[in-house]
Amino acid sequence: MSDETPAIRPVSDAPLDDCVLPYAVEPLDVRGRVARLGPVLDRILKKHAYPAPVARLLGEAAALAVMLGTALKSQGRFQLQTRSDGPVNMLVVDFDAPENLRAYARFDAARLADMSRSEPASWLGEGHLAFTIDQGTAASRYQGVVRLDGQGLEAAAHEYFQQSEQIPTFIRLGVGEVVTPQGHSWRAGGLMVQFLPHSHERMRQADLHPGDAPQGTIRDQVREDDAWLEAKALAGTVSDDELLDPALSSERLLYRLFHERGVKVFSPFPVRDVCRCSQERIVEMLKGFTADERHDMTGNDGRIGVTCEFCSTHRSFDPADFG
């Protein structure tokens, strides 16, 4: 998931929420993105009144999804989804290029309460994380899957890029609540760094574990490029406070990390919380059911109620309208 070169823009000290900022550090042959989600994420999470552990996981998933989804530029759909056996058994984040984001989570409240003191990674448990890219045709649909084995989304994303994309990648995610004049609000931040030298030989990574290879098999040893080691070391100094600080612009954050090498920033991608559900879509869906099936859906009030899992919008329909 690499970028085409966008237009360079002047550096700004003004903090800008709900956007993804691409950048490049050319002396180190790295490109990346910074995601800052504020009001958009706060609205998504508060529509469902998620418990804090669920909100944190879904915030991380949203920050990761927008950093990857904005690579689609002007069209296509990117989806991040987890299915696992932990108390938070499903996360779904949809990003419709160029800017529309929606997300929801499913969880077991009783199990989550019992694990409230556990590490966040254990809230997901074991299962899988899938990234799906759909650009409108069957031929262009791609899905990458990585196993969840008690690790968090950061570690799972690193494993995905090592196995599927084979692009050296570093990712940091942060989620938290901040106090504003309006009260408490949720924020999320993300930093992605990718090593993209002109020579593919410089991108070589060590082979994956050989699994059931005969005992004594020697694994291929690859020394990491010095530029990539330096980029990872610099990026690794970023803190959660920096990712979440509403007064710190993404440009200034990047300057703190990479000013000794020089960093270019490009035009940001805005992010909006927009759901795909609509009255018309649901009507067409209900038309696909038989009269008996619609009868079974009818409530005590004589109407069919449909609530969107993403945006929590409730719509009510008269079964008689469908014949």
Length gained if Arg106 through Ala14 is fully extended, taking 0.36 nm per residue and subtracting the Cα-Cα distance, is 29.5 nm
Could you tell me whether the range 279-322 comes out rounded, prolate or oblate from its Cα gyration tensor? Rule is a ≥ b ≥ c as square roots of the eigenvalues, rounded for a/c under 1.5, then prolate if a/b exceeds b/c, otherwise oblate.
-> oblate
Estimated distance in nm for a label pair at Ala52 and Ser316, the labels positioned 7 Å out from Cα along Cα-to-Cβ | 3.7
Angle in degrees between helix 52-69 and the longest Cα principal axis of the chain, rounded to the nearest 10 | 70
Rounded to the nearest 10 degrees, what's the angle between the helix 39-48 long axis and the longest principal axis of the chain, both from Cα atoms, 0 to 90?
-> 40
Go through the range 21-29 residue by residue and turn each phi into a ³J(HN,Hα) via Karplus (6.51, -1.76, 1.60, θ = phi - 60°); whole Hz please, and just put x for glycine and proline.
-> 10, x, 8, 8, 10, 5, x, 9, 6
How far apart, in nm, are the 7 Å Cα→Cβ label points at Thr307 and Ile167?
-> 3.9
Summed residue charge, Cβ within 10 Å of Asn100's Cβ, Lys/Arg positive, Asp/Glu negative = 0
Express in nm, to one decimal, how much length is gained between Asp240 and His200 on full extension, taking 0.36 nm for each residue of separation and deducting their alpha carbon distance.
-> 11.1 nm
At each listed q (0.14, 0.15 Å⁻¹), what is the log10 of I(q)/I(0) that the Debye formula gives for the chain modelled as equal alpha-carbon point scatterers?
-> -1.16, -1.29
Hey, in the GNM for the chain with a 10 angstrom Cα cutoff, which one of His128, His200, His259 fluctuates hardest?
-> His200
What is the dipole size for the chain, taken about its Cα centre, with +1 at each Lys and Arg Cβ and -1 at each Asp and Glu Cβ, in debye to the nearest 20?
-> 460
Check cross-link reach from Lys46 to the lysines: straight Cα distance under 29 Å, and skip same-chain residues fewer than eight apart.
-> Lys73
Pairs of Cα atoms farther than 16 Å apart, the range 52-147, % | 55
Across 5 Å bins beginning at 0, the whole-percent shares of Cα-Cα pair distances in the range 246-318 come to 3, 11, 16, 13, 9, 5, 5, 6, 7, 7, 8, 6, 3, 1
Those Cys residues of the chain for which no other cysteine Cβ falls under 4.7 Å = Cys19
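Each reported figure results from applying straightforward, stated rules to the coordinates on display, with no laboratory input. None of these values were measured; they are calculated from a predicted model. Note: ideal-geometry Cβ built from the backbone for every residue, glycine included; neighbour counts use all protein chains shown.
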